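Visitor: This is the structure I want to talk about, given as structure tokens.
The values are calculated or read from the model by the stated rules, or taken from the named source; none is laboratory data. Remember, it's a predicted structure, so these values are computed and weren't measured experimentally. In this analysis, Cβ positions are derived from the backbone assuming ideal geometry, glycine residues included, and neighbour counts consider all displayed protein chains.
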Amino acid sequence: MRSEAETDLELSTLSVRAGQMRTEFREHSEAMFLTSSFVFDSAEQAAECFAATGGEHFVYSRFTNPTVEMFQRRLAALEGAEACIATASGMSAILSLAMSTLKSGDHVVCSNAVFGATIQLFGTILSRFGISTTFVPLADLAAWEAAAAKPGTRLFFVETPSNPLLEVCDIPALAAVAHKAGALLAVDNCLCTPILQRPLDLGADIVIHSATKYLDGQGRVLGGAVLGSKNLMLEGVLPFLRTAGPSMSPFNAWVVLKGLETLEIRIQRQSEGAMLIARWLEAQAGVKRVFYPGLESHPQHALAARQQRGAGAVLSFELDGGRDAAWRVINGTRIFSITANLGDVKSTITHPATTTHGRVSPEARAASGIGDGLVRLAIGLEGVADLRQDLARGLGS
Ligand SMILES: Cc1ncc(COP(=O)(O)O)c(C=O)c1O
């Protein structure tokens, strides 16, 4: 962009235009800089660039690369963040956040309705390094407050809506509880993306992304991002990334940068499809319950309508017949891809209890409400009637 302040522009404009850095060749599409390092005109210039801490000079692609920088600037503009640090995957974004904000003796309060690997990271891996985590029900503010009374509470971590049960938490209210306890609030915004929800505008301190999902949007590459204040990103996360190296590759950054250009239309169209399928599922025999914030039956429907600009494209449903019934529906499909990923233009179907949450202990799974009869759908861009028919086969409807 030539002159407009990025903050004044619409999300659709930012998705396509923000952050572009054109070279002297005047390319229209963003360039892919597949290079591990950058050269200097002199020893003096090399010394100056290596001494800089803010990532403003390109030195070595573990921590600075123009294609990655363009992705970071574009996503920061979309999330309304001062700064963004791209990472190799969503999990390495969460790890980078933890390693740059926590130390031995610190305490984390985490929703028990987070992605399975996030539970493992906080509950098992970080506990080996003296960082304790209390898991609490996502929407129970009193439980967050009680857990935060533990000395050393530094971080609240939440996914909203959660995966796979689509529970929603009140971000401004949770931010108030976190800040009263002297903790930072991090929100994994994977399911909504900034198109449907901007957690920083709602009071959160940090946004986490698995760029592997909607930001790419076509299931091609892994990626992640941490977003927040310049101080937290450049003084905290960047030094960790620079040293430990869970960095996004320039190729992946280019793919995701291109993915961002179609983010808004994909999210809108995929969310419309999810709404139609959720309503249809509610009327099917054998379906005990449908979990989708766009439905009036969702316990936090009003909150989601207030906090989000749409209900998103992921939904789950619980079947009467437990695992056998869930597997029958999954095995009956011919269009849905049986895969754990979500956020793709190809619709996906998953049995969380034996895949994404299969490594979580049965107790933790039960605590987060993930039953054996639960099936998760992530709706893509296929025709809705075709997708309904695909599900109807295993439902026997
Ligand atoms: C909500 C959420 N956060 C984080 C992750 C981890 O992302 P990645 O697979 O890119 O490491 C996932 C992956 O499925 C996810 O669904």
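Visitor: Inspect segment 51-69 for any residue being in a helix (DSSP H, G or I), more than 16 Å from the ligand (Cβ to nearest atom) and out of contact with any Pro (no Cβ under 9 Å at 6 or more places or on another chain) and give the result as yes or no.
Guide: Of segment 51-69, the ones in a helix (DSSP H, G or I) are 51, 66-69.
After this cut, where a residue has to be more than 16 Å from the ligand (Cβ to nearest atom) as well, the list is 51, 66-67, 69.
Among the residues that remain, those that are also out of contact with any Pro (no Cβ under 9 Å at 6 or more places or on another chain) are: 51, 69.
Scanning segment 51-69, I find at least one residue that is in a helix (DSSP H, G or I), more than 16 Å from the ligand (Cβ to nearest atom) and out of contact with any Pro (no Cβ under 9 Å at 6 or more places or on another chain), so the answer is yes.
Visitor: Tell me yes or no: at least one residue of segment 318-337 is outside the structural domain of Gly90 (by TED's automatic domain parsing), under 21 Å from the mean Cα position of the chain (by Cα) and within 14 Å of the ligand (Cβ to nearest atom).
Guide: Here is the first cut: in segment 318-337, the ones outside the structural domain of Gly90 (by TED's automatic domain parsing) are 318-337.
The next check asks that each one be under 21 Å from the mean Cα position of the chain (by Cα); those that pass are 337.
Those still in the list that are within 14 Å of the ligand (Cβ to nearest atom) too: none.
No, there is no match, as no residue in segment 318-337 is outside the structural domain of Gly90 (by TED's automatic domain parsing), under 21 Å from the mean Cα position of the chain (by Cα) and within 14 Å of the ligand (Cβ to nearest atom).
Visitor: Only residues that are polar (S, T, N, Q), in contact with a helix residue (DSSP H, G or I) (Cβ under 7 Å, 6 or more places away or on another chain) and closer than 18 Å to Gly312 by Cβ: list them for segment 333-374, please.
Guide: Applying the first criterion (polar (S, T, N, Q)) to segment 333-374 yields 333, 337, 339, 341, 347-348, 350, 354-356, 361, 368.
Then drop every residue that is not in contact with a helix residue (DSSP H, G or I) (Cβ under 7 Å, 6 or more places away or on another chain), which leaves 333, 347, 356.
Passing the criteria: Ser347, Thr356.
Visitor: Tell me whether segment 146-165 contains one or more residues that are basic (Lys, Arg), surrounded by fewer than 24 Cβ atoms within 10 Å (Cβ to Cβ) and assigned to a helix (DSSP H, G or I). Walk me through how you get there before you give the answer.
Guide: Step one: of segment 146-165, the residues basic (Lys, Arg) are 150, 154.
Filter once more, keeping what is surrounded by fewer than 24 Cβ atoms within 10 Å (Cβ to Cβ): 150, 154.
Cutting the leftovers down to assigned to a helix (DSSP H, G or I) gives us none.
No.
Visitor: Mind listing whichever residues of segment 295-311 are farther than 15 Å from Leu276 by Cα and touching a Pro at 6+ places or on another chain (Cβ under 9 Å)?
Guide: Within segment 295-311, Gln300, His301, Leu303, Ala304, Ala305, Gln307, Gln308 meet the criteria.
Visitor: Can you work out which of the residues in segment 306-347 that are outside any helix (DSSP H, G or I) and of a type in the set (Lys, Arg) is surrounded by the fewest Cβ atoms within 10 Å (Cβ to Cβ)? Don't jump to the end; show me each part of the working.
Guide: Keep residues of segment 306-347 that are outside any helix (DSSP H, G or I), which gives 308-321, 333-347.
Cutting the leftovers down to of a type in the set (Lys, Arg) gives us 309, 334, 346.
Values: Arg309: 16, Arg334: 8, Lys346: 15.
Looking at residues that are outside any helix (DSSP H, G or I) and of a type in the set (Lys, Arg), I get Arg334.
Visitor: Filter segment 87-123 down to residues that are more than 16 Å from the ligand (Cβ to nearest atom) and over 30 Å from Thr67 (Cα atoms), then give me how many there are. Spell out the reasoning first.
Guide: Taking segment 87-123 as the starting set, the residues that turn out to be more than 16 Å from the ligand (Cβ to nearest atom) are 100-107, 109.
Imposing the further condition that a residue be over 30 Å from Thr67 (Cα atoms) reduces the set to 103-107, 109.
Here the count works out to 6.
Visitor: Kindly indicate which of Pro161, Pro199, Pro194, Pro151 is in the same structural domain as Ala88 (by TED's automatic domain parsing) and either away from the ligand (no atom under 16 Å from the Cβ) or among the aromatic types (Phe, Trp, Tyr) (or both).
Guide: Exactly one residue qualifies, and that residue is Pro151.
Visitor: Right, next: Which number in (1) assigned to a loop (DSSP other than H, G, I, E, B); (2) within 16 Å of the ligand (Cβ to nearest atom); (3) touching a Gly at 6+ places or on another chain (Cβ under 7 Å) marks the one condition that Ala81 misses?
Guide: Against the list (1) assigned to a loop (DSSP other than H, G, I, E, B); (2) within 16 Å of the ligand (Cβ to nearest atom); (3) touching a Gly at 6+ places or on another chain (Cβ under 7 Å), Ala81 comes up short only on (2).
One line per residue, one yes/no per condition, for (1) touching a residue at least 12 places away in the same chain (Cβ under 8 Å); (2) assigned to a helix (DSSP H, G or I); (3) within 16 Å of the ligand (Cβ to nearest atom):
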| position | (1), (2), (3) |
| --- | --- |
| Ile208 | yes, no, yes |
| Leu215 | yes, no, yes |
| Leu222 | yes, no, yes |
| Val226 | yes, no, yes |
| Gly236 | yes, yes, no |
| Gly273 | yes, yes, no |
| Gln284 | yes, no, no |
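Visitor: Among the residues of segment 82-100, write down those that are crowded, with 23+ Cβ neighbours inside 10 Å and within 14 Å of Leu215 (Cβ to Cβ).
Guide: If the condition is that a residue be crowded, with 23+ Cβ neighbours inside 10 Å and within 14 Å of Leu215 (Cβ to Cβ), then Cys84, Ala86, Thr87, Gly90, Ala93 are the ones that fit.
Visitor: Let me ask something additional. Do any residues in segment 68-93 that are farther than 17 Å from Leu9 by Cα have Cβ atoms under 7 Å from those of residues that are in a helix (DSSP H, G or I) and of a type in the set (Phe, Trp, Tyr), where the two are at least six apart or on different chains, and which pairs are they?
Guide: Every condition considered, the pairs that remain are Ala86/Phe71.
Visitor: Pick from Phe115, Phe50, Phe58, Phe40: which is on the phi < 0 side of the Ramachandran plot and touching a residue at least 40 places away in the same chain (Cβ under 8 Å)?
Guide: Numbers: Phe50 fails: touching a residue at least 40 places away in the same chain (Cβ under 8 Å); Phe58 fails: touching a residue at least 40 places away in the same chain (Cβ under 8 Å); Phe40 fails: touching a residue at least 40 places away in the same chain (Cβ under 8 Å).
Only one candidate qualifies: Phe115.
Visitor: Something else: Look through Ser127, Ser92 and report the one residue that is over 18 Å from Glu159 (Cα atoms), in the same structural domain as Ala253 (by TED's automatic domain parsing), out of contact with any Lys or Arg (no Cβ under 8 Å at 6 or more places or on another chain) and assigned to a helix (DSSP H, G or I).
Guide: Details: Ser92 fails: over 18 Å from Glu159 (Cα atoms).
None of the others qualify; the one that does is Ser127.
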